[in-house]
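See below for the structure under consideration.
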Amino acid sequence: MEVFQYVLRKLLAGIPLVLGVTLISFVLIVYFGPDKTYELLGKNPTADEIAEIRSQLGYDQPFVTRYMDYLREIVTLDFGSSESTDEKVSSILARTVPTSIALAIPGFVLGNLLGVVLALVAAYYRGFWVDKFIMGFAAVGMSISFLIAIIGFQILFSSSDGLDLLPVRGWDMSTPLQYIRYVTVPTLATVFVALGYNTRFYRAVIVEEMTRDHVRTARAFGVPPVQLFYRNILKNSMIPIVTRIMFSIPVIVISGSLLLESYFGIPGVGKVTYDAIVTGDQPILKAVVVLTAVLFVIAQLLADICYRVVDPRVSLK
Amino acid sequence: MASTENNALLSVRDLVVEFETDQGVLRAVDGVSFDIHPGETLGLVGESGCGKTVTGLSMLGLVPSPPGRIASGSIMFDGSDLVSMDETGLREIRGSQISMIFQEPMTALNPVFRIGSQMRDVLQRHQKLTRRQAHSTAIEMLAKVGIPEPAGRVDDYPHQLSGGMRQRVMIAMALSCGPKLLVADEPTTALDVTTQAQVLEQVVRLQKEFGMAMILITHDLGVVAETCQQAVVMYCGRIVERSSIEALFASPRHPYTAGLLASIPRVTDERQEVLPVIPGMVPDLLHLPQGCAFAERCSRVRDRCRQKSPRLELLQSTQTSVACYEPNA
Amino acid sequence: MNQTPEVPARSDTGTLLQVRGLKKYFPVHGGWLRGVQQQVRAVDGVSFELDSGRTLGLVGESGCGKSTLGRAILNLQSPTAGDVLLDGLPLAGLSRQALVARRKDMQIIFQDPFASLSPRRTVAQIVREPLDVHRIGNTRERRQRVEELLEVVGLRSNALNRYPHEFSGGQRQRIGIARALALNPRFIVADEPVSALDVSVQSQVLNLVTMLQAELGIAFLFISHDLAVIRHISDEVAVMYLGRFVEHATADKIFSSPKHPYTRALLSSIPVPDPTSKSPRPVLEGDVPSPMSPPAGCPFHPRCPVATDRCKTEVPKLREAQPGTEHEVACHLAT
Amino acid sequence: MSARAEVAVSVGAHGDSLWSKALRKFRRDRVGMWSLAVVLAYAVVALGVVLGLWAGDWADVSGPKWAPVSGEYWFGTNIIGQDIFARSLYSTRTAFEVGLVVALGATALGAVLGSTAGFFSGSWIDEVIIWLMGVLDSVPFILLVAAISYTLQGSPWAMHIAMIATFWIGTARLIRGEVIKLKSLEYVEAAHAIGVSRFMIIFRHILPNTFHILLVQATLSFVAAIKSEVILSFLGLGVKDGMSWGLMISESTFEVLAGFFNNFIAASVLMFGLVMAFNMFSDALQDALDPRTVK
């Protein structure tokens, strides 16, 4: 019951955020967005034809009315149809979201898991060559552009100048093998770049935890290093780590996939979004914006619940 | 004291601890020697930076390294030298033979585990108890240190307890394996005066009950007077005076000890207009003067004090050792 | 040995500060749109008077509201209720500018010698700032005054262009004192000024405070948790518990014949630096209750060894234990 | 009187500010000094382009298609015969332009909004700024760039503005936290007690103590801007007229599959060099300015 109330309160507190996001994107994408009037008209339109089209598109309505229309679309979860393909926005999302998730998950999981492991190793051997090597590797990962990493791995695995093992671009999830063949190069690029940032961040968190008084207490009671790490350091480090992971979810699903999907031609949300940006397909853009904002609210909620699980000092009130 | 090495529980000889810093090597502890016998309480007294905490940490091999390291000396405990002992050996001793409690009760316990779990951990490791046994021992210990309703409190998280209660939990944890020596680093400094009185009382009572020795590290001469039998006064990493409590307070021999005792305001005395002071300030450990570190602030300084620092020597016909060329009579 | 900084002619006697029914509550916010849930009663109705040139020692354990009281008197935290009168003139309801003008008369010295000085400003800038704010003297005069102040607190003038991090704790505390003296205040709140200092430095700073008071006739509210320090520095002493005065009298009376059970417990809890005076002492049970939900009746009754049923329901008022003794105590049982 | 006696100060004749201490510490940091040298070398290249000393001919079609590395074309030529070396140099200029504009803009905006929120923490001003940060954080970055680009009718500054509009948030969060911390410090309280105005308290006592954070944040924004430019230019949302590493890399995406790597390698290596040096410089800066170690 307490948890339910808490979740409800958190979701209500997310409303101003969603309103803000939609307002800003409405102003930028719709109100000042591309004017479709002339695309839909023939040559040399008359003033009446222009007015009619504008009225059809709703351009003659006042700002508030149009924004309220958008909000109504959000509440009813009905964003209409794509302007370029006429497919329902909801069915487009239903088709593409699973693809994006399938694309993002391996990189996301490996990037964080390996990041934590490398950070633990580096922190444990703080100051020694192992640490320096790992952190040097992280610095390289941080300094390489995602795009360069993508191209680099593509050359290495998919071109005739490299190993020529994997498909150059495209997507196929029909069999697990095909999935692995297509997901490997994007995943490697993601992991390589994400590891740079993650390892650095996680190491900083862990090192900070290592210098806490209670770690010294544990040592003073004879706790061996492995247990010290596992019990006294890792669990306490989970709060900043969990926060980072949670808040990277919305970013990865939309922005991270956008580059990967448009580069490799993978039919996910990112690709759809990118195409919508290029063609000015407003219904899709409006839906994607809301989707992201809602994901952020959910991420916030999940992060809070994780705090509660990890840290007894945090109460749900 | 130093001569009765045979029956000493712990004897420290010429301990030197150094820290690597940006500006060179800092000698935090410089040639410290003392003994402690079973059941005895030794006060390690001095102002901040005098090396008393580092000395305490050395007893358990806990000097943070890097940047710190024990450069030389020995710490004999139960026939073995803790300085040359490896980490595995030290882990066996920590918390079971020698325990330590710290100044900050707020941060010394892990905030994300219940106190019972933290106590069980220690008991299961050192005493090889089952979980159930360890749990009941933990409750027993909590009751011993005066925590009301220990069976309920054992499932609390540290943040649910007050500072005084947390320090009691630390003490319960430290004593749970029946150590022979307790190193208490400013255990009551962070506590209020009424809580301090409660906790000190408890510690002294338990010490008698368990028959263990204690090293009490503190800056508070009042606390030393009330709890210790022996005292070591440190200044700039060195021992300046080592004696029994009675002798120390009745006739301090080193000018620093005498100055320190004179300069504390007291509740009992008639109000003085001006407190006697030790002029000047503690020198920078990285730029210690050549001779006696206290020379600059000393009223009886002689030329030779500035050339070579005096060794700690037993005064004739007393039980007091002092490192001064011109000790008080 | 030094010339005393100019002190404008003032009467050294008479009531300087009056505090009447002062309260400071802190709301505990539930967050945005959730409003006030609870209140911490940090200071809960404190009244006293302080004469020029006198020192009132304020003693109590952490969380009793002694620091908040000091700040509320200076209006650094605006009081929830009650009046503060300096020279008979109230501080409440003043405009910002008028309040700034009155700040000349009242200053504060802080506990933490590291946090109390701006790290990127030189000593000269720090000590001169009050003069700049109140536009006192020209550049040359201000500089002269700063040098004079440093000399008063025992710092050499080569300290002028240095930064706080180049000084030790005791020296920094002297700089803070110089800043507080710059405007010739008549009243200073000293909030645990020696608690963070080592014993040997503590006595130096205490002597400095005593000397300044004797020479400049400043009234002090000296806040400390250390009874020995309070004993040494104070003319009068007030003991605070959960936001209220429980006892208030001259230092001699408080220390020779304490009336409130809490005061007695405090006094008996101090470790005495004399191994020959080991006496069994009554140890107070339990902890200080949370100021968010103080107990009904006398706030001390759950820990009090002599509490009666009356103490559990009726809040004792601060009153003279015996008429005419000027020994005030808030206890039903004290006589 | 004894209380007044003495108190000398050792070492050095002049005051040693935290800045000069940090500078001394930075000078001792070999990695930091080397990375600064690399960054400065890039800056000289960029400055040379601005002054017209070199790479003025980056747009000229002067050679054959995909010419290999030679004495004439140091990095070869691209598909229409433009000199890749000249284009790389010109791109350095673009990188600095993007980096500097975004770093300055985002840091300034972050400082102003972050310190305002922190100083008025708990009030509605703070709530509004926090809300704004949350909102801007939740709009997909690339969508924001595109949207701003629409709104500004395809202005070449759309990318810069979009980056500033999102990059300030990280700085503002840090500054807000720091200001809340500083605000409760006793020296700020002392300033209140003296009667210093709120305005002067912010500008004299609080902001100067956040400069070290701003400096580090500015270097991080610089790096982030260069990296974002590459991706945005590839997506057609970045540099509109001119040449950049991002444009070179997107040009190279189909070349590499055909076995021609000059464009890709030139842009990647140059960019990696600058970003890596800047990252290391930023680290060294942070170490030198860390108030915990400067004491």
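The table below gives the values:
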read-out	value
Selection from region C:271-313 of residues that are among the hydroxyl-bearing types (S, T, Y), at pLDDT below 85 and part of a helix (DSSP H, G or I)	C:T276, C:S277
Matching residues in region B:107-134 - criterion: being in contact with a helix residue (DSSP H, G or I) (Cβ under 6 Å, 6 or more places away or on another chain) and more than 8 Å from chain A (Cβ to nearest Cβ)	B:I115, B:G116, B:M119, B:R120, B:L123, B:Q124, B:L129, B:A134
Unique residue being open to solvent by less than 40 Å² (accessible area, probe 1.4 Å) and either closer than 24 Å to A:K132 by Cβ or in a helix (DSSP H, G or I) (or both) when the list is A:I151, A:I180	A:I151
Within region B:284-299, considering residues that are open to solvent by 30 Å² or more (accessible area, probe 1.4 Å) and not acidic (D, E), the one farthest from the other protein chains (Cβ to nearest Cβ)	B:Q290
Filter result (over 19 Å from the mean Cα position of the chain (by Cα), of a type in the set (A, V, I, L, M, F, W, C) and assigned to a loop (DSSP other than H, G, I, E, B)) within region D:228-268	D:L235, D:L237, D:M243, D:A258, D:F260, D:F261
Residue within region A:235-245 that is buried (at least 18 other Cβ atoms within 10 Å of the Cβ), hydrophobic (A, V, I, L, M, F, W, C), assigned to a loop (DSSP other than H, G, I, E, B) and away from chain B (no Cβ under 14 Å) present	no
Residue in region B:213-228 that is nearest to the chain's Cα centre (by Cα), counting only those that are open to solvent by 10 Å² or more (accessible area, probe 1.4 Å) and more than 15 Å from C:Q202 (Cβ to Cβ)	B:T227
Test: D:I175 is open to solvent by less than 20 Å² (accessible area, probe 1.4 Å), away from chain A (no Cβ under 11 Å) and in contact with a Leu (Cβ under 8 Å, 6 or more places away or on another chain)	yes
A:S174, sole failed condition from (1) open to solvent by 30 Å² or more (accessible area, probe 1.4 Å); (2) within 11 Å of another protein chain (Cβ to nearest Cβ); (3) not in a helix (DSSP H, G or I)	(2)
Test for D:S121: is it closer than 30 Å to C:I108 by Cβ, in contact (Cβ under 8 Å) with a residue 12 or more places away in the chain and not in a helix (DSSP H, G or I)	yes
Any chance B:D30 is charged (D, E, K, R), out of contact with any His (no Cβ under 7 Å at 6 or more places or on another chain) and modelled with pLDDT of 90 or more	yes
Single residue of region C:70-106 satisfying the filter (within 14 Å of chain D (Cβ to nearest Cβ), of a type outside the set (A, V, I, L, M) and in contact with a Leu (Cβ under 7 Å, 6 or more places away or on another chain)) that is least open to solvent (accessible area, probe 1.4 Å)	C:G70
Selection within region A:246-266 - crowded, with 18+ Cβ neighbours inside 10 Å and not in a helix (DSSP H, G or I)	A:I266
Pairs, first within 7 Å of chain B (Cβ to nearest Cβ) in region C:224-237, second among the β-branched types (V, I, T) and open to solvent by less than 10 Å² (accessible area, probe 1.4 Å), C-beta under 7 Å, six or more apart	C:H225/C:V59; C:L227/C:V59; C:V229/C:V194
Some residue of region B:28-42 being farther than 20 Å from B:V322 by Cβ, hydrophobic (A, V, I, L, M, F, W, C) and either open to solvent by 30 Å² or more (accessible area, probe 1.4 Å) or free of Cβ contacts under 8 Å to residues at least 12 places away in the same chain (or both)	no
Within region C:302-324, tally of residues that are within 27 Å of the chain's Cα centre (by Cα) and among the acidic types (D, E)	1
Matching residues in region D:108-146 - criterion: being buried (at least 21 other Cβ atoms within 10 Å of the Cβ) and at the interface with chain A (Cβ under 7 Å from one of its Cβ atoms)	D:V135, D:S138, D:V139, D:P140, D:F141, D:I142, D:L143, D:A146
Residues being open to solvent by less than 60 Å² (accessible area, probe 1.4 Å) and in contact with a strand residue (DSSP E or B) (Cβ under 6 Å, 6 or more places away or on another chain) - total across region B:316-329	4
Hits in region A:156-202 - residues which are of a type in the set (V, I, T) and in contact with a Ser or Thr (Cβ under 7 Å, 6 or more places away or on another chain)	A:V168, A:V185
From B:R306, B:R238, B:R302, B:R266, residue being open to solvent by 60 Å² or more (accessible area, probe 1.4 Å) and touching a His at 6+ places or on another chain (Cβ under 9 Å)	B:R266
Residue tally, condition at pLDDT below 90, open to solvent by 10 Å² or more (accessible area, probe 1.4 Å) and of a type in the set (A, V, I, L, M), over region B:78-122	1
Single residue of D:F261, D:F234 found to be crowded, with 22+ Cβ neighbours inside 10 Å, within 9 Å of chain A (Cβ to nearest Cβ), over 30 Å from D:I180 (Cβ atoms) and not aliphatic (A, V, I, L, M)	D:F234
When residues of region D:70-91 are limited to those that are in a loop (DSSP other than H, G, I, E, B) and of a type in the set (S, T, N, Q), the one most open to solvent (accessible area, probe 1.4 Å)	D:S70
Condition met for D:A111 (assigned to a helix (DSSP H, G or I), under 17 Å from the mean Cα position of the chain (by Cα) and not polar (S, T, N, Q))	yes
Unmet requirement for A:Y6, which otherwise passes all of (1) open to solvent by 90 Å² or more (accessible area, probe 1.4 Å); (2) at pLDDT 75 or above	(1)
Region A:49-64 residues that are farther than 14 Å from A:D35 by Cβ, paired with ones that are open to solvent by 70 Å² or more (accessible area, probe 1.4 Å) and not in a loop (DSSP other than H, G, I, E, B) (beta carbon under 8 Å, 6 or more apart)	A:F63/A:Y31
Residue match in region C:97-110 (condition: closer than 22 Å to C:P164 by Cβ, without any contact (Cβ under 8 Å) to a residue 40 or more places away in the chain and of a type in the set (G, A, S))	no
From A:T273, A:T292, A:T217, residue being touching a Phe, Trp or Tyr at 6+ places or on another chain (Cβ under 7 Å), part of a helix (DSSP H, G or I) and at the interface with another protein chain (Cβ under 9 Å from one of its Cβ atoms)	A:T217
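The values are calculated or read from the model by the stated rules, or taken from the named source; none is laboratory data. Just so it is clear, the structure is predicted and the values come from calculations on it, not from any experiment. Cβ atoms come from the backbone with ideal geometry, glycine included; neighbour counts cover every protein chain shown. Ligands, DNA and RNA are stripped out before the accessible areas are found, and what is left, the full protein with its side chains, is counted by its heavy atoms. Shrake-Rupley method; radii C 1.70, N 1.55, O 1.52, S 1.80 Å.
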